[in-house]
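These notes are about the structure you will find just below.
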Amino acid sequence: AQSVAQPEDQVNVAEGNPLTVKCTYSVSGNPYLFWYVQYPNRGLQFLLKYITGDNLVKGSYGFEAEFNKSQTSFHLKKPSALVSDSALYFCAVRANTGGFKTIFGAGTRLFVKA
Amino acid sequence: DTGVSQDPRHKITKRGQNVTFRCDPISEHNRLYWYRQTLGQGPEFLTYFQNEAQLEKSRLLSDRFSAERPKGSFSTLEIQRTEQGDSAMYLCASRTPGDTGELFFGEGSRLTVL
């Protein structure tokens, strides 16, 4: 069975500082991994994905994520946080063995202080 | 690309009434998903369509819930005899053919059962 764990309910960071939002996963076989962001009263927006190849993937709004197979992790990072990055972030996983179900974590609220 | 659209955006109903939500996916997307999201939680998978075929239905769904995608285009999610526990945001998402695509979400339909 697939599962995603986001161990932090909330991450607080000062504007201009680097940020990390953690994610670990469990899936049979190799994973496709995704990050989404949700602003208040809005649907989820895709940020980036890992499919294969380079373990460091870059996405929208300056975000990047590092895939670590041995630690089954896919942490979201940004070198310099902005107040406008404050939102709810979801990590998601889908098995690459012909699977179709994308499973989401519980989410991490990012709060960037000016 | 007009995105994924959902209707209605908000629905308030009394316990015991039936409600129906509609989702119009991105036109070239043959895969369609329904998720449910409650406050502070990640999206929970409900059901999945590939074209008009419903390939999986979550055990979360009681038989009061039914979903259709009759012509492989728009989809409807009906909840019969609503209960207060059905109050949630119902999210629709679609994605392209193939295994590696990300989900594109609509803005959601918020259900409040009084």
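Name the residue that is modelled with the lowest pLDDT, counting only residues in the stretch A:59-73 that are open to solvent by 50 Å² or more (accessible area, probe 1.4 Å) and at positive phi.
My answer is A:Tyr61.
Among the residues of the stretch A:14-32, what is the count of those that are open to solvent by less than 60 Å² (accessible area, probe 1.4 Å) and either among the charged types (D, E, K, R) or modelled with pLDDT of 95 or more (or both)?
8
What about A:Asn41, is it at the interface with another protein chain (Cβ under 9 Å from one of its Cβ atoms), open to solvent by 50 Å² or more (accessible area, probe 1.4 Å), over 11 Å from the mean Cα position of the chain (by Cα) and not basic (Lys, Arg)?
It is true that A:Asn41 is at the interface with another protein chain (Cβ under 9 Å from one of its Cβ atoms), open to solvent by 50 Å² or more (accessible area, probe 1.4 Å), over 11 Å from the mean Cα position of the chain (by Cα) and not basic (Lys, Arg).
Restricting attention to the stretch B:81-97, does a residue exist that is farther than 20 Å from B:Arg9 by Cβ and surrounded by 18 or more Cβ atoms within 10 Å (Cβ to Cβ)?
Yes, the conditions are met somewhere in the stretch B:81-97.
Hey, among B:Leu60, B:Leu111, B:Leu32, which residue is more than 10 Å from every other protein chain (Cβ to nearest Cβ) and part of a loop (DSSP other than H, G, I, E, B)?
Answer to the selection: B:Leu60.
Condition check ((1) within 14 Å of another protein chain (Cβ to nearest Cβ); (2) in a strand (DSSP E or B); (3) closer than 28 Å to A:Thr52 by Cβ) across all residues:
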site: B:Arg36; (1), (2), (3): yes, yes, no
site: B:Gly40; (1), (2), (3): yes, no, no
site: B:Phe45; (1), (2), (3): yes, yes, yes
site: B:Tyr48; (1), (2), (3): yes, yes, yes
site: B:Glu102; (1), (2), (3): yes, no, yes
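Within the stretch A:105-113, identify whether any single residue is out of contact with any Ser or Thr (no Cβ under 6 Å at 6 or more places or on another chain), more than 9 Å from chain B (Cβ to nearest Cβ), in contact (Cβ under 8 Å) with a residue 24 or more places away in the chain and in a loop (DSSP other than H, G, I, E, B), and answer yes or no.
Checked the stretch A:105-113: no residue is out of contact with any Ser or Thr (no Cβ under 6 Å at 6 or more places or on another chain), more than 9 Å from chain B (Cβ to nearest Cβ), in contact (Cβ under 8 Å) with a residue 24 or more places away in the chain and in a loop (DSSP other than H, G, I, E, B).
Does the stretch B:63-78 include one or more residues that are of a type in the set (Phe, Trp, Tyr), on the phi < 0 side of the Ramachandran plot, open to solvent by less than 60 Å² (accessible area, probe 1.4 Å) and not in a strand (DSSP E or B)?
yes
Does the stretch A:37-56 hold any residues that are without any contact (Cβ under 8 Å) to a residue 60 or more places away in the chain, within 23 Å of A:Phe111 (Cα to Cα) and in a strand (DSSP E or B), and which are they?
A:Val37, A:Leu44, A:Gln45, A:Phe46, A:Leu47, A:Leu48, A:Lys49
Test of understanding: among B:Arg64, B:Arg81, B:Arg59, which residue is more than 11 Å from the chain's Cα centre (by Cα), within 18 Å of B:Leu111 (Cα to Cα) and free of Cβ contacts under 8 Å to residues at least 40 places away in the same chain?
After applying the criteria, what remains is B:Arg64.
Just checking, how many residues over the stretch A:78-104 are modelled with pLDDT under 95, crowded, with 21+ Cβ neighbours inside 10 Å and facing chain B (nearest Cβ under 7 Å)?
2
Count, please, the residues in the stretch B:33-56 that happen to be open to solvent by less than 30 Å² (accessible area, probe 1.4 Å), closer than 27 Å to A:Ala5 by Cβ and touching a Ser or Thr at 6+ places or on another chain (Cβ under 8 Å).
Matching residues across the stretch B:33-56 total 5.
The values are calculated or read from the model by the stated rules, or taken from the named source; none is laboratory data. What you are looking at is a predicted structure, and each value in this text was computed from that prediction instead of being measured. Don't worry about glycine lacking a Cβ; one is built from the backbone with ideal geometry, like all the others, and counts go over all protein chains shown. Accessible surface is based on the protein model in full, side chains and every heavy atom, while ligands, DNA and RNA are left aside. Shrake-Rupley method; radii C 1.70, N 1.55, O 1.52, S 1.80 Å.
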